[in-house]
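Inspection log for the structure reproduced underneath, given as C-alpha cells.
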Amino acid sequence: MIDLRSDTVTVPTDAMREVIASAPVGDDVYGDDPTVNALEERVAALFGKEAGLFCPTGSLANQLMMRTLVQPGQEILAESNSHVVRAELGAAATFSGITTRTWTAKSGLLRADEALALAAPNAGPYLVSTTAIAIENTHNFGGGTVQPLDQMKELYERAHDMGLAIHLDGARIWNAHVASGVSLSDYGKYADTISVCFSKGLGAPIGSMALSTRERIDAARIWRKRYGAGMRQVGILAAAADYAITHQLADLSDDHRRAQKLATSIHAIGASLIDPSTVATNIVGLNLRTLGITAAELAVRAKGHGLLIGALGPYFARLVTHRDFDDVQCDQAIEILKKTLVA
Ligand SMILES: Cc1ncc(COP(=O)(O)O)c(C=O)c1O
C-alpha cells in the first residue's frame with residue numbers, strides 16, 4: 001500500500017533506531033534528561049529563541065504557547081483553515097478560555113492587512129480584546145503553502161506596535177525553510193512563540209517543541225505537567241528528533257520534487273484538479289468538484305488499487321509526500337491516479 005494520507009506515517013530508519021537505543025536519558029520532569037536538554041537548546045538556537053520545551057505533540061506545543069500569550073476571555077486571531085482553529089478540537093477554548101476570530105485567506109497565504117483588519121486590542125468593557133495572532137507556516141489545509149517573509153515581518157511589526165503578540169504554528173516550518181531558502185532564524189524573528197514538529201516530514205516517530213523566551217517556556221513547563229504531559233526518560237525520543245534534524249532535513253527537497261511531479265501529472269489528467277504552480281512543498285490538494293466525484297469516492301477507488309489518500313472535504317482530496325515514498329512509488333501512484341481520476 002502506498003500511503004499519501006500524511007507525512008506523519010513514516011517509520012524510523014534503522015540508523016534512527018540505533019540512536020534511540022543508545023541515547024543517554026534521565027528523568028525529564030526533574031530536568032535531568034541530557035538528550036532532551038541538548039535538543040531544547042539546539043532547536044531554540046536554530047530559531048533564535050531563548051528556550052525550548054519538548055512536547056509529545058504539535059497541538060500541545062501550540063496550546064501551551066497560545067496560553068502564555070492570551071488570558072482567559074481574550075482572543076487570538078487566526079486564518080479560518082488553520083490547524084489551531086480547525087484541527088485542535090477547540091482546545092484553546094476548552095483549556096485556556098481563549099476565544100477566536102478568523103479571517104479567510106486564499107490557500108492560507110498570509111496578508112498582514114487581512115489579519116490586522118480584525119485586531120481589537122484593549123477593546124474595553126463591551127468587546128473581546130485581541131492579544132495575539134496565530135499564523136501557520138507551511139499552511140497545511142492551504143496546500144502546504146509557504147508564507148511570504150515580507151508579510152510575516154509586516155504582521156509582526158505592526159502587531160507589536162498595537163501591543164499584540166504573534167504565535168507561529170511551524171509544524172512544517174522545516175518544509176518552508178527548505179523550499180524558500182529562508183533561514184530558520186529569520187522565520188524565528190517574526191514570532192514571539194513558535195511550535196515545530198519533528199514527527200511530520202522530518203520523520204521522527206513523535207515529538208514537537210515550543211519555543212520562546214525563557215520566562216514563557218518556564219511557565220509552559222508548569223502547564224505541560226498540569227496537562228499530564230510531564231515525561232520521564234524521554235531522551236529516547238529527543239534523540240530521534242535530533243537525528244532527524246541532522247540527517248533528514250535536507251531530504252525534504254525530494255518530497256517537494258515528488259509532490260511537484262504528482263501535481264504536474266494530475267494536471268495532465270485534468271487541468272481543473274490542481275494548478276501545479278500552487279504546490280510549493282509536500283502537500284498536493286485536489287479539487288474534484290468539476291470532475292464530479294467526491295473525495296471519499298476517490299479515496300475508496302484509490303485504496304482498491306493500493307493507494308491511500310486523504311479526503312478532507314466533500315470534493316477536496318489531499319496527497320502528502322514524505323520520506324517513505326520514493327520515486328518508484330511516485331510513478332506507481334501516478335498510474336493509479338490515471339485509472340481512478342475519471343468521472
Ligand atoms: C499545521 C499543523 N499544526 C499542528 C499540528 C499538530 O500536530 P500533532 O498531530 O502532533 O498534534 C499539525 C498536524 O498535522 C499540523 O498540520
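FYI, it's all coordinate maths here, none of it is from the lab. Just so it is clear, the structure is predicted and the values come from calculations on it, not from any experiment. Counting neighbours? That spans all protein chains shown, and the Cβs are built from the backbone with ideal geometry, glycine included.
The table below lists the values:
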read-out	value
Cut-off under 5 Å, modelled amide H: who pairs with E79 long-range	W103
Integer Hz, Karplus 6.51/-1.76/1.60 couplings in order for region 301-314, x for Gly and Pro	4, 5, 4, x, 9, x, 10, 9, 10, x, 10, 9, x, x
Positive-end residue, the chain charge dipole about Cα centroid, Cβ charges, pick of S59, A93, S208	A93
Expected 222 nm ellipticity per residue - DSSP helices of 4 or more, -39500 (n - 2.57), all of the chain, to 500	-12500 deg cm²/dmol
Region 23-35 - phi-based ³J(HN,Hα) in whole Hz, Karplus 6.51/-1.76/1.60, Gly and Pro as x	5, x, 9, x, 7, 5, 5, 8, x, 9, 8, x, 6
Dipole axis of the chain (+1 Lys, Arg; -1 Asp, Glu on Cβ), positive-most option in S22, I173, G144	G144
Electrostatic dipole magnitude of region 278-343 [Cβ: Lys, Arg +1; Asp, Glu -1; Cα centre; debye, to 20]	280
Spatially near lysine pairs across the chain, Cα under 19 Å, sequence gap of 8 or more or different chains	7
Cα-centred dipole magnitude for region 144-203, charges only on beta-carbon of K, R (+1) and D, E (-1), debye, nearest 20	240
Per-residue ³J(HN,Hα) for region 246-254, Karplus 6.51 cos²θ - 1.76 cosθ + 1.60, θ = phi - 60°, Hz, x for Gly and Pro	5, 10, 10, 4, 5, 5, 4, 5, 5
Under-5 Å amide H pairs with T57, H placed in peptide plane, nonlocal only	S208
Summed residue charge, Cβ within 14 Å of R214's Cβ, Lys/Arg positive, Asp/Glu negative	-3
Cleavage-rule hits (chymotrypsin sites (Phe, Trp or Tyr not before Pro)) in region 74-142: DSSP loop, at most 14 neighbouring Cβ within 10 angstrom	Y126
Nearest-20 debye value, the chain charge dipole, Cβ charges on Lys, Arg, Asp, Glu	820
Unit charges at the beta carbon, dipole of the chain: most positive-side option, Y156, A302, V234	A302
Under 5 Å, built H, 5+ apart or other chain: amide partners of L308	I2, D3, L4
